[in-house]
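Each value in this text was obtained by applying a stated rule to the coordinates, not by laboratory testing. None of these values were measured; they are calculated from a predicted model. Backbone-built Cβ (ideal geometry, glycine too); neighbour counts: all protein chains shown.
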Amino acid sequence: MKEDRSDPLTPSAAAPTYHLSDEFALDPGLVYLNHAAVAPWPRRTVRAVERLAEENLR
C-alpha cells in the first residue's frame with residue numbers, strides 16, 4: 001500500500017514532524033481513555049464543522 005503523504009501528521013523527509021498537541025487541544029490535567037463517543041475533536045475537524053455551519057447560515 002502506498003504511503004499517504006497528504007496527511008500532515010505523517011512524517012516525511014520533506015515535512016516537519018507534528019505532535020498530537022498540534023491537532024488536539026488536550027488538557028494536561030486529564031487522562032483520555034480513547035473513547036470515541038467522548039473525546040476532544042481534532043482541530044481540523046473543528047474547522048471543517050465551523051465552515052459547514054457558516055455555509056448553512058446563508
Q: Using the Karplus curve 6.51 cos²θ - 1.76 cosθ + 1.60 with θ = phi - 60°, work out ³J(HN,Hα) for each residue of segment 28-34 in order, rounded to whole Hz, and write x for Gly and Pro.
A: x, x, 10, 10, 9, 9, 6
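Using a 10 Å cut-off on Cβ atoms, rank the peptides 21-34, 38-51 from the highest mean neighbour count down.
Working: 21-34: 9.3, 38-51: 11.6.
The most tightly packed comes first, giving 38-51, 21-34.
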